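To start, the structure itself, in structure tokens.
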Amino acid sequence: MFKRSVNTAMQAGIIALLGMSASAYAAKPVNTCSGTYPSYWQDVAPKFAEMWKGQTISNAPTGAYSGPVFKLSDDYPRQPVDDKANQPWRSAKFDPLFDPATPQDVKARLAKEYGWLVYNYILAGNINQPGQSDFDVCENPVRPWYHIAFQTYDPLSGREFIHGLTREAPVTFSIKSGTGTAATTMWAVAVYNATAAYTLGTVWQKDGTAKIPTSNIRFHEGAVIGKPLFNTATLDQLPVLANMPRWNANISDPTFCVAPQGATMAEQSAACPRNYAAWNDVRLLQFDISIADSRAKGTGWVYGTFVADGQRKAKVKDEWQRVSLLGMMWGNDTPPPGQLAYNYPPNPRKNGFKEEVIFWDVVDELNSYGGTGMVQRMGHLGSNHRLNGPADNANSSCMSCHGTASVPDSTFTTPPLLAKFTSNMTYQSVAPVNGLKTVGLDRSGSPATVKNDVSFSEMDAIYFANVMAGTSFNMTTPSGKNVMGEGVPNYPNPAQKQWISLDYSLQLSMSLTQWMQWKAAEAAQTPPEKRQFVKALRRTQ
């Protein structure tokens with residue numbers, strides 16, 4: 001007894017010297033990968049095999065494969081967890097970051113420190129662990145991390161079996177070599193700390209079922225989500241990817257293969273096969289962070305984006321530290337009524353933003369690798385230089401996209417991430433043609449016209465509004481016009497007229513879309529060879 005007490009005291013002393021709290025120390029990490037949900041698309045475990053009937057199997061390890069196999073971390077906490085003792089960014093020191101009156105240089109310094117504290121919090125125990133792949137989070141020795149369940153029913157983008165990456169988006173970059181453009185694809189995996197995972201567990205149940213939210217949900221203070229995004233480009237195409245973390249993954253065609261409209265899931269799996277040997281490795285291009293922080297008065301969230309900086313930081317020993325912070329945001333700098341997002345606020349590079357910080361040296365470094373296509377360079381940012389990473393759309397922002405996250409309705413519909421993803425809505429972030437109010441171009445140069453009498457400024461007011469955490473995304477104009485049409489959303493409860501918020505979690509929205517389609521096919525007893533998956537809207541460039 002005495003010896004054990006002495007050892008415990010010594011351990012506590014060592015932990016204190018290392019600057020760790022007692023709660024951060026775990027002699028034996030708990031395994032959080034329970035096998036309750038399928039780990040990857042075409043997971044051949046017997047309890048999931050029925051999902052892949054009729055499909056061409058190309059995303060399962062064979063006898064010739066001896067590498068790592070991804071496991072889903074899905075043993076979610078069933079009681080709230082607050083990791084405040086290990087989250088130094090929650091200190092009052094960072095309160096001025098959220099004060100619009102704080103000078104820009106002070107705001108930038110605080111944003112950079114805040115972002116790096118969160119980034120290293122996410123890396124702790126998830127990289128450089130003996131005998132395991134980076135971000136194999138089943139037994140993190142520092143703190144538990146989790147994945148979201150059921151990103152596995154989509155044949156074109158469901159998780160691959162080596163690292164659990166999902167196919168995110170096609171991105172065409174302007175480059176200096178070859179034809180001047182590179183058609184690439186993003187693959188990513190998100191991890192959630194225990195605070196965030198508790199909220200996931202209110203949806204994804206311990207028995208392997210989903211409890212579809214019938215009212216708005218909200219993540220708790222201190223929830224943290226980290227998401228490394230990998231790109232399929234070669235080093236000749238994007239030299240900034242040199243010296244960055246590189247994964248071999250069971251991906252499909254790097255240029256983003258597609259299947260014909262209306263194809264069955266069996267046809268999709270055949271049209272877009274995966275192969276871990278035929279394609280180039282993927283390399284880290286972007287790392288997104290999001291943090292539930294009540295000091296962000298308009299949204300309740302802070303978003304940040306790190307980007308590859310493999311040339312300037314080639315000599316940094318740890319390859320995961322060869323990134324630079326592109327920016328942090330906690331609001332959309334909403335245009336005043338009648339004004340447009342494409343030019344508000346005026347000259348943010350000179351004057352800064354009220355609700356975000358952009359690090360322009362990093363923007364310039366990314367753009368230095370690009371060709372002549374300005375908006376297709378990696379440092380394109382979002383609308384009027386709001387924060388968006390290389391993988392994201394130039395007409396949007398981190399928060400503008402994520403604020404749309406909602407429970408799918410009875411037709412599997414959710415608010416579009418961008419208005420241009422639909423054919424009957426006015427685009428956001430449009431610069432009108434001089435002298436005209438109803439015709440213009442968005443930032444990518446796409447022609448745009450006013451539709452259904454919804455002006456460009458009214459659409460900007462929707463997409464660049466500050467949506468408070470756990471609040472329904474409002475798809476109506478100030479005059480009350482529903483831009484998605486009357487009767488939308490169409491929830492089972494006819495009294496539910498507003499979108500049910502998933503609190504900025506697009507992954508939760510997309511996974512529920514997959515779950516609901518799986519259950520609908522089961523209920524209808526649709527034969528496997530006739531099942532279809534309605535593709536969720538993805539980011540495009």
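For the stretch 66-92, the candidate set comprises residues that are open to solvent by 20 Å² or more (accessible area, probe 1.4 Å) and of a type in the set (A, V, I, L, M); within that set, the residue that is farthest from GLN205 (Cα to Cα) is ALA92. In the stretch 488-496, the condition of being surrounded by fewer than 13 Cβ atoms within 10 Å (Cβ to Cβ), more than 30 Å from GLN205 (Cβ to Cβ) and of a type in the set (A, V, I, L, M, F, W, C) is met by no residue. Give VAL363, VAL316 a once-over and let me know the one that is over 24 Å from ASP442 (Cβ atoms) and of a type in the set (Val, Ile, Thr). The conditions single out VAL316.
Would you mention how many residues in the stretch 419-433 are at pLDDT below 95 and under 22 Å from HIS385 (Cα atoms)? Here the count works out to 3. Within the stretch 170-186, the presence of a residue that is of a type in the set (D, E, K, R), modelled with pLDDT of 95 or more and part of a loop (DSSP other than H, G, I, E, B) is excluded. Considering only residues in the stretch 260-284 that are open to solvent by less than 30 Å² (accessible area, probe 1.4 Å) and in contact with a Ser or Thr (Cβ under 9 Å, 6 or more places away or on another chain), the one that is nearest to THR62 (Cα to Cα) turns out to be ARG274. From the list ASP154, ASP136, the lone residue that is open to solvent by 30 Å² or more (accessible area, probe 1.4 Å) and within 19 Å of the chain's Cα centre (by Cα) is ASP136. Within the stretch 442-456, being touching a strand residue (DSSP E or B) at 6+ places or on another chain (Cβ under 6 Å), crowded, with 16+ Cβ neighbours inside 10 Å and in a strand (DSSP E or B) holds for ASP442, ALA448.
Identify the residue in the stretch 98-133 that is among the aliphatic types (A, V, I, L, M) and over 26 Å from ASN248 (Cβ atoms) and, among all such residues, is most open to solvent (accessible area, probe 1.4 Å). Checked the stretch 98-133; the qualifying residue most open to solvent (accessible area, probe 1.4 Å) is ALA101.
I'd like to verify a number: residues in the stretch 460-510 that are in a loop (DSSP other than H, G, I, E, B) and on the phi < 0 side of the Ramachandran plot, how many? Quick ask: steps written out before the conclusion?
Step one: filter the stretch 460-510 for residues in a loop (DSSP other than H, G, I, E, B), giving 464-475, 477-481, 483-500, 502-505.
If we keep only those that are on the phi < 0 side of the Ramachandran plot too, we end up with 464-469, 471-475, 477-479, 481, 483-484, 486, 488-500, 502, 505.
Here the count works out to 33.
Of all residues in the stretch 258-267, those being without any contact (Cβ under 8 Å) to a residue 24 or more places away in the chain and under 22 Å from LEU165 (Cα atoms) number 1.
Residue by residue, here is whether (1) out of contact with any strand residue (DSSP E or B) (no Cβ under 7 Å at 6 or more places or on another chain); (2) outside any loop (DSSP other than H, G, I, E, B); (3) at pLDDT 95 or above holds:
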position: GLY201; (1), (2), (3): yes, yes, yes
position: ASP207; (1), (2), (3): yes, no, yes
position: ASN216; (1), (2), (3): no, no, yes
position: GLU221; (1), (2), (3): no, no, yes
position: LYS227; (1), (2), (3): no, yes, yes
position: PHE230; (1), (2), (3): no, yes, yes
position: ALA233; (1), (2), (3): no, no, yes
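Looking across the stretch 410-469, the residues that are basic (Lys, Arg) and over 21 Å from the mean Cα position of the chain (by Cα) come down to LYS437, ARG443, LYS451. Here PRO415 clears all of (1) on the phi < 0 side of the Ramachandran plot; (2) open to solvent by 20 Å² or more (accessible area, probe 1.4 Å); (3) out of contact with any Asp or Glu (no Cβ under 8 Å at 6 or more places or on another chain) except the condition numbered (2).
From LYS176, LYS227, LYS211, grab the single residue that is over 24 Å from TYR65 (Cα atoms), charged (D, E, K, R), touching a helix residue (DSSP H, G or I) at 6+ places or on another chain (Cβ under 7 Å) and surrounded by fewer than 23 Cβ atoms within 10 Å (Cβ to Cβ).
Working: LYS176 fails: touching a helix residue (DSSP H, G or I) at 6+ places or on another chain (Cβ under 7 Å); LYS227 fails: touching a helix residue (DSSP H, G or I) at 6+ places or on another chain (Cβ under 7 Å).
Checking each option against the conditions leaves just LYS211.
The values are calculated or read from the model by the stated rules, or taken from the named source; none is laboratory data. The structure displayed is predicted, hence computed values, not measured ones. Backbone-built Cβ (ideal geometry, glycine too); neighbour counts: all protein chains shown. For the accessible areas, the whole protein counts, side chains as well, though only heavy atoms, and no ligand, DNA or RNA atoms are used. Shrake-Rupley method; radii C 1.70, N 1.55, O 1.52, S 1.80 Å.
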